[in-house]
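Coordinate-derived values only; no laboratory data. Please read all numbers here as calculations on a predicted model, not as lab measurements. Every residue, glycine as well, gets a Cβ built from its backbone with ideal geometry; the counts of neighbours run over all protein chains shown.
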There are 2 protein chains.
Amino acid sequence: MKEIVILGAGYAGLRALHRLQASKGDFHITLVDRNTYHYEATDLHEVAAGTQSKEKITYAISDVVKPTVTTFIQAKVEKVNREEKSVSLDNGQVLNYDYAIVSLGFRSESFGIAGVEDNALEMVDIESAEKVYQHILAQMKDYAKTQNPDDLKIVVCGAGFTGIELLGSLVESRPAFAKIAGVAEQEVEIFCVEAVTRLLPMFNEELADYGISNLKNWGIKFLTGKPIKEIKPSTVIYQDDKETGTTKELSANTIIWTTGVSGSNVMESSGFSQRRGRVVVSDNLTDPDFENVYIVGDVSAFMDKESNRPYPTTAQIALKMGDYAAKHVLAQLDGREIPGFTFKSLGSVASIGNTHAFGLVGKSAIKGYPASFVKKAIMDKSLFATGGVKEVLAKGRFDLYH
Amino acid sequence: MKEIVILGAGYAGLRALHRLQASKGDFHITLVDRNTYHYEATDLHEVAAGTQSKEKITYAISDVVKPTVTTFIQAKVEKVNREEKSVSLDNGQVLNYDYAIVSLGFRSESFGIAGVEDNALEMVDIESAEKVYQHILAQMKDYAKTQNPDDLKIVVCGAGFTGIELLGSLVESRPAFAKIAGVAEQEVEIFCVEAVTRLLPMFNEELADYGISNLKNWGIKFLTGKPIKEIKPSTVIYQDDKETGTTKELSANTIIWTTGVSGSNVMESSGFSQRRGRVVVSDNLTDPDFENVYIVGDVSAFMDKESNRPYPTTAQIALKMGDYAAKHVLAQLDGREIPGFTFKSLGSVASIGNTHAFGLVGKSAIKGYPASFVKKAIMDKSLFATGGVKEVLAKGRFDLYH
């Protein structure tokens with residue numbers, strides 16, 4: 001019997017699991033994840049801002065595992081030993097495999113900027129997202145006692161997709177934050193510091209402006225074209241003037257880092273040919289050096305032949321990759337050939353708070369409340385696609401007509 | 001204990017049920033429907049064309065009924081006796097109520113055109129939709145024996161939303177039909193006869209053209225600006241020239257009537273102030289004459305104050321109406337007041353086959369495969385909104401990443 005290991009229970013990994021479990025064949029699956037639950041990485045900003053509880057964006061991995069076919073092991077992957085066809089786990093176990101689907105996900109990327117790890121909060125999993133929320137609450141409570149003005153300041157570093165969605169959710173939570181601190185809403189100041197000036201390059205200027213100007217109208221203060229040079233305790237140091245290189249300081253007791261992500265560091269420590277934790281994969285999403293090792297999701301770089309750049313990492317492509325990897329394993333097991341992986345984005349929609357969103361469906365711009373409805377419909381669908389079926393219902397995620 | 005009757009288990013009725021069952025209060029609900037199952041009226045065209053089985057668009061009403069609060073009775077409503085606060089059923093039962101939510105749905109409307117009932121197929125419920133499909137199959141089989149050219153012709157009367165979606169699905173089924181008949185695909189001819197020339201007035205011309213020209217490219221023959229005068233057996237008689245009034249005949253052994261719908265005839269027989277089975281309701285969606293009778297869904301006409309015309313009947317407004325009626329009943333029970341019903345369309349998307357769609361999200365036009373993805377996400381969400389939760393999963397409706 002062939003052994004398939006799936007490393008990581010994110011969008012890509014669980015999608016592959018779902019597809020494999022739906023097929024019949026002479027194989028056994030071992031799924032490894034460091035947690036006992038799956039979380040929706042695209043919704044971490046809501047946990048960080050406190051607009052969703054972690055229960056609403058997680059479900060037990062055991063709910064989607066068919067025990068007759070799949071063994072689930074809760075452990076951290078330490079190393080993929082491709083020559084030996086084995087995986088070393090932090091609990092000392094070594095798993096042998098015929099096929100590996102590596103879907104180890106992302107981590108925060110500091111780009112070498114000093115002080116990020118020590119002095120900024122990251123938002124990369126449920127724990128870190130919850131920590132952001134608890135941290136903000138603590139500052140608000142502290143303000144009520146100490147009147148330290150920096151307690152009321154929240155800085156989001158980075159105005160990418162995640163940063164923008166986080167800002168939208170923070171706006172929604174601001175009244176609750178202000179109440180705890182005992183101040184008027186507008187006294188809770190939210191900043192966004194970003195190196196580039198043209199934000200959200202995946203959208204055209206009009207659409208990006210729609211999103212940004214909504215956030216500005218709600219009181220977000222944008223510092224764009226200001227590369228961050230260092231994060232000191234409670235202080236963001238950014239370049240204020242490119243010509244002279246002059247820097248300025250912005251003090252705040254909450255500093256959240258969302259400027260970028262890279263793939264899991266297991267990719268580097270296992271000796272994959274990677275850059276920032278991402279491996280440029282073959283047409284079949286396999287490691288160029290090992291045909292039995294699939295690399296999918298945020299650790300994978302699949303080249304867009306048109307732009308000659310890898311597709312950006314999104315939940316959408318991760319789901320498609322997981323699905324393809326499973327199909328290709330099944331084809332290999334049957335001795336069939338299937339065409340290479342292709343990807344065409346359906347578009348993407350950014351939510352800013354609970355009732356506003358903007359983005360693209362195909363090439364069409366959508367915005368406002370209807371866009372927010374579509375965004376929720378798409379997110380439910382993505383939750384289903386990983387197989388987290390019982391929970392969607394329990395969570396009332398479908399109930400958007402209220 | 002107060003008694004609430006809900007008449008009809010369509011979008012509006014089940015949405016009201018869902019909302020009431022989710023609340024606590026000193027009331028009992030009786031739900032009446034002529035079937036034991038709910039069906040998705042917006043998907044009947046797929047059953048008619050054979051691209052979906054009826055199982056995929058229906059679920060058991062018992063699955064969404066909480067027996068501790070709600071009694072379900074399978075029966076036909078014969079009359080709502082508003083003065084007596086009672087409902088007469090065709091099984092002889094008389095139900096007394098404190099509040100009635102009337103959501104009896106639609107029926108086909110012939111507009112007095114001769115021969116429609118006798119010589120055209122309607123598509124108003126699961127039985128009639130299935131009958132369309134079986135009828136087409138029978139013609140194809142007949143052709144294989146008799147070579148009667150009319151067996152290969154399908155006429156869709158009406159190019160409204162439903163007609164257009166039906167045409168899209170028929171295109172998808174055409175290869176299967178042709179195979180049964182033993183002919184080349186293009187020999188199965190599909191026509192659409194429609195009185196007006198500007199199709200799909202809810203969309204702008206560019207978007208409507210997108211949909212129509214796709215259908216034309218796939219071989220649909222449109223006869224627009226041709227009002228139907230009569231349906232004779234296997235023959236559609238339409239006005240060919242408005243000036244002269246000349247008529248022409250189109251012969252076909254499958255004629256499907258989709259030109260329009262009216263509300264249930266129970267509205268008329270119960271003495272409601274109605275027009276084509278629809279009652280112009282108050283701001284609270286009640287009968288203008290009886291405050292304890294809510295009229296929602298396809299039997300309800302709620303005025304759009306901007307256009308001074310009733311909103312078109314759609315699943316979207318039906319769901320919103322059912323929700324509001326339940327909320328208003330709960331408010332009445334508590335002696336609370338709530339603001340009147342308001343409606344703002346999120347837009348609408350028409351599917352043409354499984355991978356194409358076009359429509360509006362808010363005011364933005366979307367089209368193509370991404371639109372088709374959005375359409376499916378929205379339809380899933382509408383299925384959830386009525387509470388049909390277990391079935392969505394069993395049906396694999398969520399599994400669109402394949």
Checklist entry - A:Lys76 label points, 7 Å along Cα→Cβ, one per copy: pairwise distances from this copy to the rest in nm, shortest first? => result 6.9
Item to check | Between region B:240-299 and region B:92-114, the alpha-carbon center distance in angstrom | outcome: 11 Å
Checklist entry - What share of the DSSP beta bridges in region B:116-259 is antiparallel, in percent to the nearest 5? => result 40 percent
Checklist entry - Along the axis that rotates chain B into chain A, which residue of chain B has the nearest beta-carbon, and what is the gap in whole Å? => result B:Ala377, 2
Item to check | Point-charge dipole on Cβ atoms (K/R +1, D/E -1) for region A:116-258, about Cα centre, debye to 20 | outcome: 320 debye
Item to check | Distance (nanometres) between label positions extended 7 Å along Cα→Cβ at A:Asp283 and B:Glu84 | outcome: 7.6 nm
Checklist outcome for this item: What the Cα atoms of region B:60-171 span along the principal axes, largest first and in whole Å, is 59, 35, 28
Item to check | Candidate aspartates and glutamates - alpha carbon under 16 Å from B:Lys381, same-chain residues fewer than 8 apart omitted | outcome: A:Asp380, A:Glu391, A:Asp399, B:Glu40, B:Asp43, B:Asp323, B:Glu391, B:Asp399
Next on the checklist: Given the DSSP H assignment, sum -39500 (n - 2.57) over each helix run of at least 4 residues in chain B and divide by its residue total; what's the result at 222 nm in deg cm²/dmol, nearest 500?
Outcome noted: -9500 deg cm²/dmol
Checklist entry - What nm distances, shortest first, do you get from the label point of B:Asp334 to those in the other copies when the point sits 7 angstrom along Cα to Cβ? => result 5.6
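Ordered by packing density, taken as the mean number of other Cβ atoms within 10 Å over each peptide's residues, highest first, how do A:85-92, A:326-333 rank? Intermediate results must be reported in sequence, preceding the final value.
Numbers: A:85-92: 15.8, A:326-333: 20.6.
Per-residue Cβ counts within 10 Å, averaged per peptide and sorted highest first, yield A:326-333, A:85-92.
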Checklist entry - Hey, which lysines would be in cross-link range of A:Lys85, C-alpha to C-alpha under 22 Å, not counting anything within fewer than 8 residues on its own chain? => result A:Lys2, A:Lys76, A:Lys327
Item to check | Relative contact order computed over chain A (Cα-Cα under 8 Å; 6+ residues apart), in percent | outcome: 19 percent
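Highest first, please rank the peptides A:358-367, A:70-79 by the mean number of other Cβ atoms sitting within 10 Å of their residues.
Ranked by mean Cβ neighbours within 10 Å, highest first: A:358-367, A:70-79.
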Item to check | At 7 Å out from Cα toward Cβ: B:Thr36 inter-copy label distances (nm, ascending) | outcome: 4.1
Checklist entry - List the aspartates and glutamates whose alpha-carbon lies under 17 Å from that of B:Lys153, not counting same-chain residues fewer than 8 positions away? => result B:Glu122, B:Asp142, B:Glu172, B:Glu185, B:Glu187, B:Glu189, B:Glu194, B:Glu249
Checklist outcome for this item: Here Rg/Rh (Cα, Kirkwood) for the protein assembly as shown equals 1.01
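For A:Asp209 and A:Ser62, calculate 0.36 nm times their separation in residues minus their Cα-Cα distance, and state this gained length in nm to one decimal.
Here the segment from A:Asp209 to A:Ser62 would lengthen by 48.6 nm.
Evaluate the Kirkwood expression for the hydrodynamic radius of region B:116-259, namely the inverse of the mean inverse distance over all pairs of different C-alpha atoms, and round to one decimal in Å.
15.5 Å
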Next on the checklist: For the protein assembly as shown, give me the percentage of DSSP beta bridges that are antiparallel, rounded to the nearest 5 percent.
Outcome noted: 50 percent
Checklist entry - When you look at the Cβ of every residue in A:353-366, what mean number of other chain Cβ atoms sits within 10 Å? => result 4
Checklist outcome for this item: For region A:1-150, the charge dipole (Cβ of Lys, Arg +1; Cβ of Asp, Glu -1; about the Cα centre) points to a positive end, and the Cα of A:Thr30, A:Val80, A:Leu7 closest to that extreme belongs to A:Thr30
Checklist outcome for this item: Full extension between B:Lys2 and B:Ala114 adds, at 0.36 nm per residue less the Cα distance, a length in nm of 35.7 nm
Checklist entry - If you take the beta carbon distance between A:Thr244 and A:Asn148 as r and set R0 to 30 Å, what does 1/(1 + (r/R0)^6) give as a FRET efficiency, to the nearest 0.05? => result 0.40
Item to check | DSSP-assigned coil residues among chymotrypsin sites (Phe, Trp or Tyr not before Pro) in region B:104-141, each with at most 15 further Cβ atoms within 10 Å | outcome: B:Phe111
Item to check | FRET efficiency estimate (nearest 0.05) - Cβ-Cβ, A:Lys24 to B:Lys141, R0 41 angstrom | outcome: 0.75
Checklist outcome for this item: Stretched fully, the stretch from A:Met303 through A:Val196 gains (0.36 nm per residue minus C-alpha distance, one decimal, in nm) 36.1 nm
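Determine the shielding of peptide A:54-64 by partner chains: average, over its residues, the number of Cβ atoms on other chains within 10 angstrom of each Cβ.
Average per residue, whole number: 0.
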Checklist entry - How high is the FRET efficiency from A:Arg275 to B:Lys221, r the C-beta distance, R0 56 Å, rounded to 0.05? => result 0.50
Checklist outcome for this item: With label points set 7 Å from each Cα along the Cα-to-Cβ direction at B:Asp334 and B:Glu230, the distance between them in nm comes to 6.0 nm
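Roughly what % of DSSP beta bridges within chain B run antiparallel, to the nearest 5?
Values: 35 of 70 bridges.
Of those bridges, close to 50 percent are antiparallel.
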Item to check | Charge dipole (debye, nearest 20) of the protein assembly as shown; +1 at Cβ of Lys and Arg, -1 at Cβ of Asp and Glu | outcome: 40 debye
Checklist outcome for this item: Rounded to whole Å, √(5λ) for the Cα gyration tensor eigenvalues of chain A, largest first, gives 38, 22, 21
